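Rule-based calculations on the coordinates, nothing more; no lab input. Note that this is a predicted model, so its numbers are computed, not measured. For neighbour counting, all protein chains shown are included, and Cβ atoms are generated from backbone atoms with ideal geometry for every residue, glycine included.
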């Protein structure tokens with residue numbers, strides 16, 4: 001049995017088709033990434049999967065339960081962290097967790113224990129009795145995640161969980177997601193952060209203009225475009241990129257303090273760089289041959305680069 005099974009999902013808003021014939025399955029215990037550019041249909045899809053929106057056509061099955069036929073039973077299997085926070089700012093941190101736990105029918109003794117554990121894990125135990133309105137964005141997001149996982153959901157839906165957060169909050173949230181997955185929860189992650197998806201996800205699904213354009217493991221998607229590789233090189237001083245122009249180099253761009261040269265022949269390109277560095281008395285600080293990145297695969301699949 002799949003944790004999530006989606007068949008021919010469609011949703012229209014007026015004349016705009018937000019999601020068109022979307023079908024995919026998510027295995028139990030999988031970390032599944034859902035990627036796409038702005039307006040691609042990610043949030044609309046996740047809202048249909050969690051019962052917030054009703055699809056015009058199609059079926060969503062959560063842990064073997066038809067969502068349309070039995071919403072309450074299906075929702076008891078899931079935790080949801082929406083794109084915009086859903087914490088109550090006029091309640092304390094602990095009151096938010098208690099309220100969420102009561103929705104899921106947790107008895108008082110378990111609720112007390114779980115609230116204390118989660119607040120400690122999230123670094124908010126000392127602030128447990130403070131009103132959430134006094135919290136930073138990162139702290140509010142931690143409370144939102146705590147409310148979503150207080151009942152140990154079998155599936156956790158996360159819509160841009162680390163968007164706009166500081167490094168410390170982002171790291172903490174990613175660690176919690178990883179730990180929850182190790183304990184058996186299926187994770188459905190919507191994100192704009194390609195590196196985040198590459199680090200966490202076993203498979204990624206890319207949606208563009210309401211349609212699925214690819215579903216595969218990150219490495220396989222990268223491998224699709226491995227014919228074009230890049231070489232990153234940095235020197236002891238600034239150089240003019242035009243210096244390295246050659247017939248076997250398709251594109252050159254600055255990447256921080258490094259040059260990135262795209263090529264179909266890495267061997268010739270490396271020799272070309274070394275020869276020019278020697279001729280121009282340049283000292284090579286670092287040089288790396290890179291395969292296609294997941295980001296490059298994403299850009300090409302969504303038509304961001306011709």
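Computed from Cα positions, the angle between helix 108-121 and the longest principal axis of the chain comes to roughly 20 degrees.
Along its three principal directions, the equivalent ellipsoid of the chain from the Cα gyration tensor extends over semi-axes of 43, 25, 15 Å, largest first. Peptides 85-95, 121-131, 45-55 ranked from most to least packed by the mean count of surrounding Cβ atoms within 10 Å: 45-55, 85-95, 121-131.
Computed over the chain with a Gaussian network model linking Cα atoms closer than 10 Å, the most mobile of 207, 249, 215 is 249. For the chain, the longest principal axis of the alpha carbon atoms and the long axis of helix 137-149 meet at an angle near 60°.
Here is the size of the stretch 57-141 from its Cα atoms: Rg then Dmax, 15.3, 48 Å. Measuring between their Cα centroids, the stretch 6-39 and the stretch 274-289 lie 47 Å from each other. Packing, taken as the mean count of other beta carbons within 10 Å per residue, orders the peptides 15-22, 258-265 from highest to lowest as 258-265, 15-22. FRET efficiency for the pair residue 28 and residue 112, taken as 1/(1 + (r/R0)^6) with r the Cβ-Cβ distance and R0 = 25 Å, rounds to 0.25. Between residue 21 and residue 84, the FRET efficiency from the beta-carbon distance, with R0 = 22 Å, is close to 0.20. Computed from Cα atoms, the angle from the helix 167-182 axis to the main principal axis of the chain rounds to 70 degrees.
For the options 11, 182, 251, a Gaussian network treatment of the chain with springs between C-alpha atoms closer than 10 Å singles out 251 as fluctuating the most. Look at the alpha carbon pairs under 8 Å that are at least 6 residues apart: their mean separation over the length of the chain gives a relative contact order of 20 percent.
Taken as Cα centroids, the stretch 194-218 and the stretch 227-253 sit 29 Å apart, rounded to the nearest whole angstrom. With the Kirkwood sum run over all distinct C-alpha pairs, the stretch 227-290 has a hydrodynamic radius of 11.5 Å.
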